[in-house]
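The values are calculated or read from the model by the stated rules, or taken from the named source; none is laboratory data. Model, not experiment: these values are computed from the prediction. Reconstructed Cβ throughout: ideal geometry from the backbone, glycine too, with neighbour counts over all protein chains shown. Side chains are part of the model used for accessible areas, which takes the heavy atoms of the whole protein and leaves out ligands, DNA and RNA. Shrake-Rupley method; radii C 1.70, N 1.55, O 1.52, S 1.80 Å.
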Amino acid sequence: SGLIGGKVLGVTGRQVNKALRNNPDGTRFINRSIQKLHEIQKAKGNTRNPDLQATYQSAMEETVQELKDYLNNNRTIAKDITAEEKKQLISLMDAKDELYRKTARLQEQADNGEITPQEWGKAKRINTNTSKKINRDLSNIREGIVTRQLETGIKEVQKTSDQLGWGKINTYETADDFTAQTGRPKNVDGFIDEAGQIYINKEVAKETGT
């Protein structure tokens, strides 16, 4: 899907697409890392195979470390996210690291009979709930970053629209509203109609722009 349509194709359409895909490499890496963590954790939760769970756990730990290294060592990241977002992300990654280590220690204690199955089960549930909260916090940060980048992109599109004399852009917060108002499929991030009017599905644009 993309911003194409009618007579308005070529350079203008590409300019609009470029503006809506303006996420710097830094935010793109962060957004994809967070999304990757969610996907791996979901896969881990959907299997009871110990070998698969161990594989997914290793993948999560590796992704967390990669993101922490990126946040700590990349000097250009300050241009992409706020200092507070960086601080929160590092804190959440540290919390995930500690949770992984704690869960591994408890698993070992359970295997060695140092704690009862009931104690292990209770601790695992607590750690799972803690992990879910960390994931929610990560998602909130990611949402903030993506929303800010999308709004910046829309402003760039508006500049192009003003230069061409098209007027105000039509934006829709949800895919349902976009489809109800335009008749286009929910998975379309936006389009330009025959009259040169621009329509943006912000819900999908946030996903496709990352």
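So that you can scan it fast, the table gives a plain yes or no per residue for (1) open to solvent by 90 Å² or more (accessible area, probe 1.4 Å); (2) within 30 Å of Lys206 (Cα to Cα); (3) assigned to a helix (DSSP H, G or I):
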| residue | (1), (2), (3) |
| --- | --- |
| Glu85 | no, yes, yes |
| Gln88 | no, yes, yes |
| Leu92 | no, yes, yes |
| Ala95 | no, yes, yes |
| Gly113 | no, no, no |
| Lys133 | yes, yes, yes |
| Arg136 | yes, yes, yes |
| Ser139 | no, yes, yes |
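The condition of being under 25 Å from Arg32 (Cα atoms), open to solvent by less than 80 Å² (accessible area, probe 1.4 Å) and in contact (Cβ under 8 Å) with a residue 40 or more places away in the chain holds for only one of Ile192, Ile198, Ile154, that being Ile154.
Among the candidates Tyr70, Tyr56, single out the residue that is of a type in the set (Ser, Thr, Tyr), assigned to a helix (DSSP H, G or I) and free of Cβ contacts under 8 Å to residues at least 40 places away in the same chain.
Tyr56
Quick one: in segment 157-189, of everything that is at pLDDT below 85 and of a type in the set (Gly, Ala, Ser), which residue is most open to solvent (accessible area, probe 1.4 Å)? Among them, the one singled out is Gly165. Within segment 172-183, the set of residues being in a loop (DSSP other than H, G, I, E, B) and closer than 19 Å to Gly153 by Cβ comprises Glu173, Thr174. When segment 175-210 is filtered for residues that are among the hydroxyl-bearing types (Ser, Thr, Tyr) and closer than 25 Å to Asp80 by Cα, the ones remaining, listed by number, are Thr208, Thr210.
Scan segment 115-131 for residues that are closer than 24 Å to Gln88 by Cα, surrounded by 15 or more Cβ atoms within 10 Å (Cβ to Cβ) and not β-branched (Val, Ile, Thr) and the total you get is 2. Flag not set for Lys42, criterion: in contact (Cβ under 8 Å) with a residue 40 or more places away in the chain and open to solvent by 70 Å² or more (accessible area, probe 1.4 Å).
Residues in segment 56-83 that are surrounded by 16 or more Cβ atoms within 10 Å (Cβ to Cβ) and under 21 Å from Leu150 (Cβ atoms): Ile77, Asp80, Ile81. Here is the figure for segment 132-174: residues that are of a type outside the set (A, V, I, L, M) and more than 25 Å from the chain's Cα centre (by Cα) total 9.
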